[in-house]
1. How much solvent-accessible surface does Lys69 expose, in Å² to the nearest 10, with a 1.4 Å probe and all protein chains in place?
2. Please compute the length gained on full extension between Glu64 and Trp41, using 0.36 nm multiplied by the number of residues separating them and subtracting their Cα-Cα distance.
3. How large, in percent, is the carbon and sulfur part of the accessible surface of region 31-71 at a probe radius of 1.4 Å?
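The values are calculated or read from the model by the stated rules, or taken from the named source; none is laboratory data. The structure displayed is predicted, hence computed values, not measured ones. These accessible areas exclude ligands, DNA and RNA; they are computed on the full protein's heavy atoms, side chains included. Shrake-Rupley method; radii C 1.70, N 1.55, O 1.52, S 1.80 Å.
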Amino acid sequence: MILGPGQSTLGKEKGELDIEYVLKLIANNGFPLVLSAYLVWKLEFFINEIIKNQKEFSHSITAEIKEIKQTINELRVDFAKNQ
């Protein structure tokens, strides 16, 4: 069974990989398989970061658009009062 870095191994804290454990994985499963699993795990981290940043960006843009709409409405009211 292949455990990822986020899963606990015997005698290790979560998030920590033991080099001996990694070498055993490579010996038992082959280097390409272990490397592929590691890269998929890292790719998942980066995708999650991209999604998080995209959500923050979306909220910022939405807030800016609301502010612009409010300013435009205030300008319309001021313009109508002055005519």
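1. Looks like 130 Å² after rounding.
2. That pair, Glu64 and Trp41, stretches by 4.8 nm at full extension.
3. 68 percent
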